[in-house]
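Data block below; observations after.
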There are 2 protein chains.
Amino acid sequence: MSEKLGILAIGHGSKLPYNKGIVESVANNIAKKHTDVVVKVGFMNMNEPTIEDALASFAGTGVTIIAAVPVFLASGVHITQDIPKILGFKDGSEKTTIKLDGKDITIVYGKPLGGDELISDLVFKRAQEAL
Amino acid sequence: MSEKLGILAIGHGSKLPYNKGIVESVANNIAKKHTDVVVKVGFMNMNEPTIEDALASFAGTGVTIIAAVPVFLASGVHITQDIPKILGFKDGSEKTTIKLDGKDITIVYGKPLGGDELISDLVFKRAQEAL
């Protein structure tokens, strides 16, 4: 059976609208470009849906695996401890399963965006735009 | 006279090493790819060099304009208030001049990385890598 991928784009959450706006825009862009993928957003704190609610909302979509990806630039305590705890990872694992529609669905954990060359290109583009 | 561009990549700063590592890696990538550009890093807090020290370190490099670009995903109070204040922008302006080597050098302000499609592509790539 081929897998049907779900992506959970995880935001930090903020009292200001900017973080939520960016995570939603990322999710919309991915969904438009990859129509075979089910994309949801969830926030660690201060915004809704929560990560737990977002995971539950994959019910009925037919996904067979979910990649939870933090829309964060850098690693840190949220990435290494807080979010894994919410996702239900045990003992430093980056994988777990949840029940959705009576089936065991695997959740895997993506790395934060980090020092990828795409980020460097984007910083250079922002510099050019400012001139 | 053609301009010689300086880019100041501004990081939030952190007690953990991740933020500093990413901002430095971004600066190194840009400097390698664009050898005609002088790239420096500066941190808003908790790491060194400070933004002020980083600006001063463009002395002697011959830059004629500096683009200060926050290596931040989302806008927020740091972007709209704290960093502009450190850079010396007045009254909501996103431009100022500093004296370097006895000359007036313009500083302009780049936007944070935001919901650019490059970010969406990178989140999708992180999901694929996790499978």
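Assorted remarks:
- Residue B:103 accessible area, 1.4 Å probe, all protein chains in place, Å² to nearest 10: 130
- Along the range B:60-75 the Karplus relation, 6.51 cos²θ - 1.76 cosθ + 1.60 evaluated at θ = phi - 60°, assigns HN-Hα couplings of x, 8, x, 5, 10, 8, 10, 9, 8, 10, x, 8, 10, 6, 10, 5 Hz to successive residues, with x for each Gly and Pro.
- A simple spin-label model places pseudo-atoms 7 Å from Cα toward Cβ; at residue A:131 and residue B:56 they are separated by 2.8 nm.
- The range A:8-55 - Kirkwood radius from inverse mean 1/r over Cα pairs (Å): 10.7
- Shielded by partner chains, the range B:54-95 residues - at least 50 Å² of accessible area, 1.4 Å probe, vs chain alone: B:73
- Value of [θ]222 nm, deg cm²/dmol, for the protein assembly as shown, DSSP H segments ≥ 4, -39500 (n - 2.57) each, nearest 500: -9500 deg cm²/dmol
- Long-range lysine pairs (8 or more apart or interchain), the range A:16-131, Cα under 21 Å: 19
- Close amide-amide hydrogen proximity is noted between residue B:68 and B:8, B:108, B:109, B:110, each under 5 Å apart and 5 or more residues distant or on a separate chain (H modeled in the peptide plane; Pro and chain starts excluded).
- Here chain A is treated with +1 on each Lys and Arg Cβ and -1 on each Asp and Glu Cβ, and its dipole about the Cα centre works out to around 100 debye.
- Computed over the protein assembly as shown, Kirkwood Rh from alpha-carbon pairs, angstrom: 19.5
- Taking Cα atoms only, the orientation of helix B:117-130 departs from the longest principal axis of chain B by about 40 degrees.
- Average accessible area per residue (Å²) across chain B - probe 1.4 Å, nucleic acids and ligands excluded: 48
- Each 10 Å bin from zero up to the one holding the largest Cα-Cα distance in the range B:29-131 carries the following percent of pairs: 13, 39, 32, 12, 3, 0.
- Between A and B, accessible area buried - total, square angstrom, nearest 100, 1.4 angstrom probe: 4100
- Axis of helix A:18-33 versus longest Cα principal axis of chain A: the two differ by about 70°, to the nearest ten degrees.
- Under 15 Å, Cβ to Cβ, from residue A:121 - net charge with Lys/Arg +1 and Asp/Glu -1: 0
The values are calculated or read from the model by the stated rules, or taken from the named source; none is laboratory data. Remember, predicted model here, so these are calculated numbers, not experimental data. Counting neighbours? That spans all protein chains shown, and the Cβs are built from the backbone with ideal geometry, glycine included. Side chains included, ligands, DNA and RNA excluded: accessible areas come from the protein's heavy atoms. Shrake-Rupley method; radii C 1.70, N 1.55, O 1.52, S 1.80 Å.
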